[in-house]
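Participant: Dropping the structure in here first, questions after.
The values are calculated or read from the model by the stated rules, or taken from the named source; none is laboratory data. None of the values given here were measured: they were computed from a predicted structure. We place every Cβ from the backbone using ideal geometry, glycine too, and count neighbours over all the protein chains shown. Surface areas here come from the heavy atoms of the whole protein model, side chains and all, with no ligands, DNA or RNA. Shrake-Rupley method; radii C 1.70, N 1.55, O 1.52, S 1.80 Å.
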Amino acid sequence: MNKQPDRRRPPLLRPSHRQHGGAVAPALVVAGLLAAAPISGADSERLVELLNDMRQSPPARCEGEHRSPVGPLAPNPRLANLRLDEHSDLQRGLRETGYQASAAQVIGVSGPRNAKSALKLIEQRYCGVLLDPQFAEVGVHRRGNRWQLVLARPLIDRELGDWQTAGQEVLSRTNEARAKARRCGSRHYEAAPPLRWNEQLGKAALVHSQDMADVDFFSHQGSDGSQVGQRARREGYQWRGVGENLAAGQGNPEQAISGWLASPGHCANLMDPRYTELGAAYATNPKSDAVIYWTQVFGLPE
């Protein structure tokens with residue numbers, strides 16, 4: 001939906017989303033706390049993948065309301081290592097792990113024997129929490145058939161730098177990810193060649209990040225109705241193929257990349273060997289739902 005295919009050539013890629021700061025006082029809420037132990041890495045990864053698929057393609061109705069797609073959650077080991085029960089203080093637990101949160105919530109269920117069943121039950125009980133745009137990271141625990149999710153939004157990194165500095169770090173971390181073979185959902189990708197920075201794609205990414213921050217929305221369609229291909233061409237980029245990844249709430253490039261890699265559609269964009277160039281940028285608005293918005297634009301020039 002967000003890629004604009006060249007009319008003269010076959011489409012390059014399906015989009016990753018199918019529709020596709022600063023410190024603030026923590027707002028910490030506890031719902032359904034339960035004692036937990038870490039689940040296996042494979043089970044944890046699968047639950048996060050399923051959750052990110054649900055966030056980019058939400059159910060038709062959630063708690064009686066229509067919900068728009070929201071950004072992927074990045075897995076965070078500090079959140080996954082929290083030991084909580086009904087008497088725990090979430091804020092204290094986060095502080096003890098060194099995690100600095102501007103918002104956090106814990107939800108839990110008992111009974112499911114696998115990740116798919118766990119997400120189904122959690123969605124039934126806490127759909128609104130799972131689709132809350134303010135959350136950007138997640139940790140998963142399990143003891144037997146009892147499951148716990150900790151969702152949070154980290155503080156924005158004080159050393160983040162300007163959009164170009166952060167964009168270059170997104171490029172570097174993207175190329176680190178592409179250098180290794182990996183699985184994106186059910187699909188295997190071989191290592192892909194590194195991407196090179198393109199300033200026009202960077203400016204297109206900045207325009208969209210700023211638009212989302214200013215207008216307080218999350219979508220591949222801009223507030224003016226534009227799609228990524230149009231925005232790239234407005235900046236003078238002539239392409240055979242383009243793709244776009246979006247994220248919101250992550251406080252630095254590492255967290256944004258982690259979220260994209262944990263979401264099958266975003267991961268597929270990031271690993272696609274046909275792209276050769278990249279631009280990336282963030283923008284902030286403390287009054288918006290997610291505070292910080294990230295855009296990553298991939299390109300194959302003509």
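Participant: Using the Kirkwood radius built from alpha carbon pairs, what does the Stokes-Einstein equation give as D for segment 192-242 at 37 °C and 0.692 mPa s, in µm² per second?
Facilitator: Estimated diffusion coefficient is 282 µm²/s.
Participant: Another question about this same structure. What list of ³J(HN,Hα) couplings, whole Hz, do you get for segment 51-68 from phi and the Karplus terms 6.51, -1.76, 1.60, once you set θ to phi - 60° and write x for glycine and proline?
Facilitator: Once rounded to whole Hz, the list reads 5, 5, 4, 5, 6, 8, 9, x, x, 4, 10, 10, 6, x, 10, 7, 10, 7.
Participant: Probe radius 1.4 Å, ligands and nucleic acids ignored: give me the carbon and sulfur share of the accessible area of the chain as a rounded percent. Write out the running numbers ahead of the final one.
Facilitator: Values: 6020 of 13060 Å².
Of all accessible area on the chain, carbon and sulfur atoms account for 46 percent.
Participant: Taking the Cα centre of each part, how many Å lie between segment 181-229 and segment 100-123?
Facilitator: Centre-to-centre (Cα) distance: 28 Å.
Participant: Largest first, what is the accessible-area ranking of Ser288, Ser186, Ser88, Ser172 with a 1.4 Å probe?
Facilitator: Most to least solvent-accessible, the answer reads Ser186, Ser172, Ser88, Ser288.
Participant: Moving on. Report the antiparallel proportion of the DSSP beta bridges in the chain as a percent, rounded to a multiple of 5.
Facilitator: 80
Participant: From the C-alpha gyration tensor of segment 61-171, pull out the three semi-axes of the equivalent ellipsoid (sqrt of 5λ each), sorted largest to smallest, in whole Å.
Facilitator: Output for segment 61-171: semi-axes of 26, 19, 13 Å.
Participant: To the nearest 20 debye, what is the magnitude of the charge dipole of the chain about its Cα centre, counting +1 on the Cβ of each Lys and Arg and -1 on the Cβ of each Asp and Glu?
Facilitator: The calculation lands at about 1000 debye.
Participant: List, in order, the whole-Hz ³J(HN,Hα) value for each residue of segment 168-182 obtained from phi through the Karplus relation with A = 6.51, B = -1.76, C = 1.60 and θ = phi - 60°; use x for Gly and Pro.
Facilitator: These are the phi-based 3J(HN,Hα) values: 5, 5, 4, 4, 4, 6, 5, 5, 4, 5, 5, 6, 10, 5, 7 Hz.
Participant: Could you sort Glu49, Glu63 by accessible area so the largest value comes first, with the probe set to 1.4 Å?
Facilitator: Sorted by accessible area, descending: Glu63, Glu49.
Participant: Give me the accessible area per residue for the chain, probe 1.4 Å, as a whole number in Å².
Facilitator: That works out to 43 Å² for each residue.
Participant: Per 0.36 nm of contour for each residue apart, how much would the distance between Asp216 and Ala60 grow if the chain were fully extended, relative to their Cα-Cα spacing? List each step's numbers first, then the result.
Facilitator: Values: separation 156, 0.36 × 156 = 56.16 nm, distance 2.16 nm.
So the chain would gain 54.0 nm between Asp216 and Ala60.
Participant: Still on this structure: Along its three principal axes, how long is the chain when you only count alpha carbons? Whole Å, largest extent first please.
Facilitator: Result for the chain: principal-axis Cα extents of 59, 38, 37 Å.
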